[in-house]
Each structure stands twice: as structure tokens, then as C-alpha cells.
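**Student:** Would you mind keeping the following structure in view while I ask a few things?
The values are calculated or read from the model by the stated rules, or taken from the named source; none is laboratory data. The structure presented is a predicted model; accordingly, all values stated were derived computationally and were not measured. Please note: Cβ atoms are built from the backbone with ideal geometry, for glycine as well, and neighbour counts cover all protein chains shown. These accessible areas exclude ligands, DNA and RNA; they are computed on the full protein's heavy atoms, side chains included. Shrake-Rupley method; radii C 1.70, N 1.55, O 1.52, S 1.80 Å.
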Amino acid sequence: MRVRDERGATELRILEAGCGRQWTLGTVEVEGVTPHITGIDADGRSLRMRIDERADLHEAIVGDLRTVELPEAAYDVVFCSWVLEHVSGAEQVLDRLFAALRPGGTLLLRIPDRDSVYGFLTRIAPFGLHVAYKRHVRGRVNAGRPGFGPFPTVYDRVVSYRGVLDYCARNEVEVLQTLSCNHHLRYFGRMSPIVDAGLRTVAAASLGRLTARHNNLAFVLRKS
Ligand SMILES: C[S@@+](CC[C@H](N)C(=O)[O-])C[C@H]1O[C@@H](n2cnc3c(N)ncnc32)[C@H](O)[C@@H]1O
């Protein structure tokens, strides 16, 4: 990721909200500025792994994004990746993240779409099935162990393509870019065309309420 600082500041202040145990954006290349990353997570064990194994945070805070104290207009970038679907009160968290961003600052948001077939199945499936999916389909041997996830999902209404766009319209947030993908299909290997066909059948049966064209979404949002 390349982040250009418009103000000529020497430090780019990044808040990673729900940082978990790893940074997932690849190498951050910042021209002429030094990134300063504050990581916040409600799970102390995930954060401990992040500190011990990655050692890439300048500040680490164990806290709930709904209540943790955040400085006003303090960050240039907020990165929130695969977190809001786990929060009851996701819109309240978005309000707080935007309040913590400086005017003109950027929120990089990644969510699964609750209105995708994938999101729908996640909502109705028992949590044990999430663990089995991560372990056996995604090959995460540590799935279910403390600090490793998966984490229980809530899927508030805002955790969707329409939900985020409506939120932005109501709050004068500029949508710079939206991206979607269906990467989860590749984990099914030779079965992926069959899984895809199954998901599309469910989408058709939903009469347009659910989509099988993607499961995950990414947004680049700018605070006005
Ligand atoms: C699926 S993990 C994603 C971690 C990381 N952002 C990534 O992209 O790999 C979800 C993370 O959100 C954290 N989380 C969930 N609800 C939270 C809340 N209310 N406040 C802070 N962190 C929360 C979990 O502890 C977990 O580390």
C-alpha cells in the first residue's frame, strides 16, 4: 500500500481497529513519512501474539471499539479489517472511527457482505461449523484456539454493501472506491464450481435479496 501524505507531516498516524494478531495489507510503503501504528483489539491474547510475533505496533491497546477512549480527529488512516461483522453496534463503531479520523483522513474498511449468500449462511450456521470451515476448508490448524478465531459473528445491518453506502450518504462520507471478491471459492479446489452453483441457486431462490457474485467487500472512505 502506498500512502502519500498531503500535509508534509513526518508521521502518518494509523489506527488499526480490531487489529488481531497480524497486519494483512502487505508492505506499507510511505514516501517521506514514518508510519505510527496504534492497534486496538478486544482480545488480549490476539494482541499479545501481535506484540510478541509481529512487533509492528507502536501502541497496543486492549479495548472494545464501542467504548475504548479514542482521541478526536487524531489519525490520518483508520484500517478496520474483518471486524465489524463481529460487533453488535457496528454503526456506533463506525461513528467512533470517523470521529477519531482527521478531516480528509481515510478509512480502509473490509467486511463480508451480510447480504451475500456466504454472509447469510454464516449468520444461520452454528458457530461450531465456522470453526470446522476455517480448520478443514481454509486449512487453519489453530482455528478455535484462544486468540486465533474464528470469532462469533453478529452481522448488524450496516455490515453490507447497501448498509455502508447508506451510512456514507447519511454522514457525508465520501466513497472513494469499493471492491468485491469471491476469493473464498478457491479454497474449495475442484469442488469450487459445484459450491459456486449451489450459492447461485440459493441467491436465485432469495429473489434478489442475496447475491452470490461476491462474499467480501472493501471500501476506501474519506471523511469530509
Ligand atoms: C477476524 S479477526 C480480524 C483481525 C485482523 N483485523 C485481520 O484482518 O486479520 C476480528 C478481530 O476483531 C476483534 N474484535 C471483535 N469485536 C471487537 C470489539 N468490539 N472491539 C475490538 N476488537 C474487536 C477480535 O478480537 C479479532 O481480533
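**Student:** Subtract the Cα-Cα distance of Ala74 and Asn142 from 0.36 nm times their separation in residues, and report this length gain in nm to one decimal.
**Tutor:** On the way: separation 68, 0.36 × 68 = 24.48 nm, distance 3.56 nm.
Full-extension gain reported as 20.9 nm.
**Student:** Sorted by accessible area with a 1.4 angstrom probe, largest first, how do Arg162, Arg102 fall?
**Tutor:** Arg162, Arg102
**Student:** Considering the options Pro103, Leu70, Gly149, tell which one lies farthest towards the positive end of the dipole of the range 68-204, charges being +1 on Lys and Arg and -1 on Asp and Glu at the Cβ, about the Cα centre.
**Tutor:** Looking along the dipole axis, the top candidate is Gly149.
**Student:** When the accessible area of the range 169-224 is computed with all protein chains present and a 1.4 Å probe, what percentage of it is carbon and sulfur?
**Tutor:** The value for the range 169-224 is 56 percent carbon and sulfur by accessible area.
**Student:** Amide H of Gly105: which non-local residues (sequence gap of 5 or more, or other chain) have their own amide H closer than 5 Å, using H built in the peptide plane?
**Tutor:** Placed amide hydrogens put Lys223 under 5 Å from Gly105.
**Student:** Relative to the longest principal axis of the chain, what angle (0 to 90°, nearest 10) does the C-alpha long axis of helix 192-205 take?
**Tutor:** With both axes taken from Cα atoms, the answer is about 90 degrees.
**Student:** If you don't mind, another one. Within the set of other residues whose C-beta is less than 15 Å from the C-beta of Gly189, count the net charge using Lys and Arg as +1 and Asp and Glu as -1. Write down the numbers at each step before the final one.
**Tutor:** Values: positive: Arg138, Arg186, Arg190; negative: Asp196.
Neighbourhood net charge equals +2.
**Student:** Determine ³J(HN,Hα), in whole Hz, for all residues of the range 170-178 in sequence, where each value follows from phi through the Karplus function 6.51 cos²θ - 1.76 cosθ + 1.60 and θ = phi - 60°; x replaces Gly and Pro.
**Tutor:** Rounded to whole hertz, the list is 6, 10, 6, 9, 8, 8, 7, 7, 10.
**Student:** Taking the Cα centre of the range 63-173 as origin, sum charge times position over the Cβ atoms of Lys and Arg (+1) and Asp and Glu (-1), and report the length of that vector in debye to the nearest 20. Working shown, then result.
**Tutor:** On the way: 14 positive and 12 negative charges, 137 e Å.
With Lys and Arg at +1 and Asp and Glu at -1, about 660 debye.
**Student:** Calculate what fraction, in whole %, of the accessible area of the range 1-140 sits on carbon and sulfur atoms when a 1.4 Å probe is rolled over the protein chains. Intermediate results must be reported in sequence, preceding the final value.
**Tutor:** Values: 3330 of 6620 Å².
C and S fraction of accessible area: 50 percent.
**Student:** Could you give the dipole magnitude of the chain about its Cα centre, charging the beta-carbon of Lys and Arg +1 and that of Asp and Glu -1, in debye to the nearest 20? Please list the in-between numbers first.
**Tutor:** On the way: 30 positive and 26 negative charges, 222 e Å.
For this selection, approximately 1060 debye.
**Student:** What net charge is computed for the residues neighbouring Ala74, neighbours being all others with C-beta under 13 Å from the C-beta of Ala74, Lys and Arg scored +1, Asp and Glu -1?
**Tutor:** Summing Lys/Arg as +1 and Asp/Glu as -1 gives -1.
**Student:** Related question: Evaluate Rg over Rh across the chain, taking Cα atoms for both radii and Kirkwood's formula for Rh. Let's see the in-between values first.
**Tutor:** Details: Rg = 17.9 Å, Rh = 18.5 Å.
Radius of gyration over Kirkwood radius for the chain works out to 0.97.
**Student:** If you rank Cys80, Cys181 by how much accessible surface each has, with a 1.4 Å probe, what is the order from largest down?
**Tutor:** Largest accessible area first, the list is Cys181, Cys80.
**Student:** Calculate the dipole size of the range 36-108 relative to its Cα centre from +1 charges on Lys and Arg beta carbons and -1 charges on Asp and Glu beta carbons; express the result in debye to the nearest 20.
**Tutor:** The dipole of the range 36-108 has a size of about 60 debye.
**Student:** Another question, then. Modelled label-to-label distance, Thr24 and Leu176, 7 Å Cα→beta-carbon offset: nm?
**Tutor:** Label-label distance for Thr24 and Leu176, simple model: 2.0 nm.
**Student:** Whats the longest run of the chain with zero GluC sites (Glu not before Pro) that are DSSP loop and have at most 16 other Cβ atoms within 10 Å? Mind dumping the intermediate values first?
**Tutor:** Details: sites that count: Glu6, Glu31, Glu69, Glu72, Glu172.
Of all site-free stretches, the longest is 73-171.
**Student:** Express in nm, to one decimal, how much length is gained between Arg209 and Arg45 on full extension, taking 0.36 nm for each residue of separation and deducting their alpha carbon distance. Please list the in-between numbers first.
**Tutor:** On the way: separation 164, 0.36 × 164 = 59.04 nm, distance 3.76 nm.
Fully extending the segment from Arg209 to Arg45 adds 55.3 nm.
**Student:** By how many nm would the segment from His183 to Ile61 grow when fully extended, if each residue of separation counts as 0.36 nm and the alpha-carbon distance is taken off?
**Tutor:** 40.8 nm
**Student:** Here's something else I'd like to know. Please give the Cα centre distance for the range 59-132 versus the range 161-212, rounded to the nearest Å.
**Tutor:** 18 Å
**Student:** Would you kindly find the accessible area of Asp115, with a 1.4 Å probe and non-protein molecules such as ligands, DNA and RNA excluded, rounding to the nearest 10 Å²?
**Tutor:** Looks like 40 Å² after rounding.
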